[in-house]
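The values are calculated or read from the model by the stated rules, or taken from the named source; none is laboratory data. Values in this document were obtained by computation on a predicted structure and should not be read as measured data. Virtual Cβ from ideal backbone geometry, glycine too; neighbours counted across all protein chains shown. Please note that ligands, DNA and RNA were not included when accessible areas were found on the heavy atoms of the full protein model with its side chains. Shrake-Rupley method; radii C 1.70, N 1.55, O 1.52, S 1.80 Å.
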Amino acid sequence: MQIETGSFGKLVEQVRTLATCAGQTVTPSPDIWVFRSDSPISYVRSYSSMMNIAVAVSGQKTVRIGNHIKVNDPKNYLLMHGSTHYQASVDASPDTPYIALKLQLSPGILGPTLLELADLGGLRDGALEPPPPVFVGPVEDTFAEPLCRLLTCLDHPLERRMLVPLYLREIAFRLLRSDAASLLRASITREHTRVLRAIRFIEENADAGITVQAMAESVAMSGSHFAHRFREITGVSPIQYLKRIRLEKARLLLLEGDLSVSVAAEETGYASTSHFSRDFRRQFGLSPTGYVQSFKEHVAVIP
C-alpha cells in the first residue's frame, strides 16, 4: 500500500479511520459519510436533490452515463448531480478495498457561493458548455485541506454546528474556481436563483420587520410557493432563516460593539429582550451575556 503524505495523506488517514466496516458509515453531519467495499460490486443510483462528491482514498469506481465513462480512484474526486441516473462498477478486494469520502453540496451552500463569486467577478471563464454529466478532477492541496478540517470538526458539536457550513462553502468555492465549475453552475436552476436572491433581500432587510410575503414579492413569487421552495432549497423556513441572520448579527454586535443585550436585541429587530435571549440560547447554547463572557475568557488565555 502506497503511503501518502501532505494534506491528501492526512485525508486518507481520516477517511480510513471512519470507514471501519463495509457499506455506508454515517457521520454526525447528514451531508457527509464514507463508503467502503471489500469486494467488486455493480449498482444503479437513482435520485437526490444535491450535488454529490466522491473522494476515493483506496480502490476505484467506474461511472458510466451514456457514452461518458469516468474513473474515481485515489487522488481524484468525482462530481455529479444526484438526479443523474448512472451505472457504476467498483473494483475492490480485501487487500485493496474501495474507500471513499462522500459529500453533498446543497443549493443552500452552492447557490450563495455562486452568486457572490459572480458579483465579485470570480467565476472562472472558459467553462465547458454544455457541462458534462460527470466530472473527475485531481484532489489538490487547496481542496484536501478544507476536507481535512471538515472531518476534524465532526466530533465536536459546537464546531460541527458552526464550522461545517463554512467548510462546505469553501469546498464549493474551490470547485467553482476549477474546471468543474460548469457542472456546478448548471445545477442551479432559475427558481434556485430566485430563492437565493430572496436570501439576499432577507440579509439586507433583516432588522426591518419583513414578512414572508414581502420576501416572496421581492422575487415575484407567491407567498405559499416561495415558502415551500425556500424550505426545499435551504432546509429551513424563511422565518427560521431570518431569525438566524438576526441572531448572527446580534452575536457580532455583542462581541465587537460592547452593547447591552437589550440594545443588541433592538438593533436586530427584536421587540422583546426576553424573546431575543431565548432565541439566542437556542441558537448558540448560552445566554447572550454568558456567550460574551465565555468568548472573552477564551480570548484572554491565547498568548
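In contact (Cβ under 8 Å) with a residue 60 or more places away in the chain, out of contact with any Leu (no Cβ under 6 Å at 6 or more places or on another chain) and closer than 15 Å to G209 by Cα, is that true of G285? When the stated conditions are applied, G285 does not pass them. Residues considered: A271, A264. Of these, the only one that is open to solvent by less than 20 Å² (accessible area, probe 1.4 Å) and either part of a loop (DSSP other than H, G, I, E, B) or assigned by the TED database to the domain that holds R200 (or both) is A264.
Yes/no matrix, rows are residues, columns are (1) in contact with a strand residue (DSSP E or B) (Cβ under 7 Å, 6 or more places away or on another chain); (2) at pLDDT below 90:
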{"position": "T17", "(1), (2)": "no, no"}
{"position": "D31", "(1), (2)": "yes, yes"}
{"position": "R36", "(1), (2)": "yes, no"}
{"position": "V57", "(1), (2)": "yes, no"}
{"position": "K75", "(1), (2)": "yes, yes"}
{"position": "S89", "(1), (2)": "yes, yes"}
{"position": "P94", "(1), (2)": "no, no"}
{"position": "L105", "(1), (2)": "yes, yes"}
{"position": "G108", "(1), (2)": "no, yes"}
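Candidates F143, F135: the one that is within 17 Å of the chain's Cα centre (by Cα), more than 20 Å from I199 (Cα to Cα) and either at pLDDT 90 or above or in a loop (DSSP other than H, G, I, E, B) (or both) is F143. Taking first residues from the range 67-91 that are at positive phi and partners that are open to solvent by less than 60 Å² (accessible area, probe 1.4 Å) and aromatic (F, W, Y), the Cβ contacts under 7 Å between residues at least 6 apart in sequence or on separate chains come to K75/F8. Among the residues of the range 274-295, those that are surrounded by fewer than 13 Cβ atoms within 10 Å (Cβ to Cβ) and more than 19 Å from R161 (Cβ to Cβ) comprise S274, H275, Q293.
Here are some residues: A100, A186, A172. Which one is over 24 Å from P74 (Cβ atoms) and of a type in the set (G, A, S)? Going through A100, A186, A172 in turn, the sole match is A186. Could you tell me whether any residue of the range 112-132 is surrounded by fewer than 20 Cβ atoms within 10 Å (Cβ to Cβ) and of a type in the set (V, I, T)? No, the range 112-132 has no match at all.
Within the range 179-226, being open to solvent by less than 70 Å² (accessible area, probe 1.4 Å), without any contact (Cβ under 8 Å) to a residue 12 or more places away in the chain and in a loop (DSSP other than H, G, I, E, B) holds for T189, N205, S222.
Going by the conditions given, is N67 polar (S, T, N, Q) and closer than 21 Å to G9 by Cβ? Taking the combined requirement at face value, the residue does not satisfy it. Selection within the range 237-256: residues that are closer than 14 Å to T289 by Cα and open to solvent by less than 40 Å² (accessible area, probe 1.4 Å). The member of this set that is nearest to the chain's Cα centre (by Cα) is L247. Every test in (1) modelled with pLDDT of 85 or more; (2) open to solvent by 30 Å² or more (accessible area, probe 1.4 Å); (3) over 21 Å from the mean Cα position of the chain (by Cα) is passed by Q2 save one, and that test is (1). When T62, T96 are checked against the criterion of being in contact (Cβ under 8 Å) with a residue 24 or more places away in the chain and open to solvent by 30 Å² or more (accessible area, probe 1.4 Å), a single residue qualifies: T96.
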